[in-house]
Amino acid sequence: MADENPNVEEMKKKAAIPAKKAPAWHAFYQGKIETALKCAVTSVEDFGIWYTPGVASPCREIEQDQGKVFEYTNKANTVAVVSDGSRVLGLGNIGPHAGLPVMEGKALLFKYLGGVGAFPIMLDTQDPDEIIQAVKWIAPGFGGINLEDFSSPKCFYILDRLRKELDIPVWHDDQQGTASITLAGVLNALKLVGKDMNKVTYAVVGAGAANIAFVRVLLRAGVPAGNVILVDSRGILHPGREDLEKNKEKNPYKWEYALATNAEGRSGDMATAIAGTDVLIAASKPGPGTIDKEWLSAMNKDAIAFIMANPIPEIWPWEAKEAGVRIVGTGRADFPNQVNNSIGFPGIFRGTLDVFATTITDEMAIAAAWAIAETAERRGIHDEYIVPTMMETEVFINEAVAVGSKAIEQGIARRVLSKEELRHEAEEKIRHAQAETKILMREGHIAIPPEDKID
């Protein structure tokens, strides 16, 4: 039995540590981010340059040529992390106040991993049209908008509207970011098991923002739609689902995939969707116990399972292994194979911002996926290492180069740089952000949290 295995007990104990430490560490710092200066202040006279009266000169120039805002301000390296708290991690609709620690964490990752200045914007409304208007009002101060933890299906409507109505990149990380890293993990896992991406069968559990976007990107990458079996809380998506047809105006994406996917014509529950498939992608209800071991036992040989619900995966990874799954990924950093959008968005935004791109396309997300997969492959992939970790800075630089290059290729970049220039910019900004943090820690301006006693 699993409970009798000392290694399993040790993994369970390790998995509980982050949740136990988090309250004390958050209280110790009273948050994870703050604004910082990037200009020198050598004397009182400098204030007359950085503020009034000197600042009037760049203001007048921007008034005459709006494009100079990218040259004279930090707009080109600032992202708003916008959320209403309606679907935070696996916690549900906890609202804007309770969601703030997550958005601060997002901003931390933006800065440390991508060298991108980011700031949480929590909106005290859950009305999609009010959210759209609020984002449009604040957009002039930012080079990009990262939508975060909005419930489905309104997240699709919000993203689609804002992408059409703003001239800066708008990205819903739960959609495109998760799609990028998941595709990268699939690419390398399939290499290890010797299967063709376009010939295997995919069970996709959960039909919210993450998986709807993953399926779209998977199909854009060349996988036949019929090879995908998508399942929501009511069962497998197929043309006979009258509930999906009745709701197609509100959620057209699920109905579209009900018509396009599942060439076998399967119907039934989650277990039926998983049986006889090669790859399981789950982004659904947090577990454990959402997915049973017996269901995974019915997958094909050398099965791959990404169980990505947060904060607890749909089934513990050791249970998936016991069921016969060969390669297991989760969304957590404390298990091997973290298939989490944190590996994607810092580098993707780095490349997007460096070329002043007007949007982020699916092709840019796919380019990032290939860059992620290739970075891990060069290091040597194996069953417990299919994608890089967040501490491998090289992956974010490689993504930035791939994404910036794709934006230039697609004609949506305001600034054209060579691959060498893109690499130099990404390296400089990311290394600077990490060095700044290390210097502040070394000098004692960022204190090390006290050691916690974890039972």
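The table below lists the values:
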item	result
Cα gyration tensor shape of the range 33-173, rounded if a/c is under 1.5, else prolate or oblate by comparing a/b with b/c	prolate
Distance violations [Cα-Cα > 19 Å] among Lys154/Lys248; Lys13/Lys301; Lys32/Lys438; Lys199/Lys321; Lys293/Lys321; Lys111/Lys285	Lys13/Lys301; Lys199/Lys321; Lys111/Lys285
GluC sites (Glu not before Pro) restricted to the range 393-455 and DSSP loop, no more than 14 other C-beta within 10 Å	Glu443, Glu451
Amide H within-cut-off set for Gly276, under 5 Å, with H built and near neighbours excluded	Met299, Asn300
Computed lengthening from Ala435 to Glu9, 0.36 nm per intervening residue step minus Cα-Cα distance	149.6 nm
Over the chain, equivalent-ellipsoid semi-axes from the Cα gyration tensor in Å	38, 26, 21
For the range 176-330, Kirkwood radius (reciprocal of mean inverse C-alpha pair distance, Å)	15.2 Å
Within the chain, longest stretch clear of exposed trypsin sites (Lys or Arg not before Pro) (DSSP loop, no more than 10 other Cβ within 10 Å)	39-300
Theoretical FRET efficiency, 1/(1+(r/R0)^6), r = Cβ-Cβ of Thr42 and Lys164, R0 41 Å, to 0.05	0.35
Mean residue ellipticity (222 nm) of the chain, computed from DSSP H runs ≥ 4 via -39,500 (n - 2.57), nearest 500	-14500 deg cm²/dmol
Cα-based reach from Lys429 at 12 Å (exclusive), listing aspartates and glutamates while leaving out same-chain residues under 8 positions away	Asp354
Set of aspartates and glutamates near Lys254 by C-alpha distance (under 20 Å), chain-local residues within fewer than 8 positions excluded	Asp149, Asp160, Asp173, Asp174, Asp232, Glu242, Asp243, Glu245, Glu264, Asp269, Asp362
With eigenvalues of the C-alpha gyration tensor scaled by 5 and rooted, the range 315-455, Å	30, 24, 12
Euclidean distance between Cα centres, the range 360-424 to the range 118-138, Å	29 Å
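Every number in this text was worked out from the coordinates using simple rules, so none of it is lab data. A quick note: this is a predicted structure, and the numbers were derived from the prediction, not measured. Every residue, glycine as well, gets a Cβ built from its backbone with ideal geometry; the counts of neighbours run over all protein chains shown.
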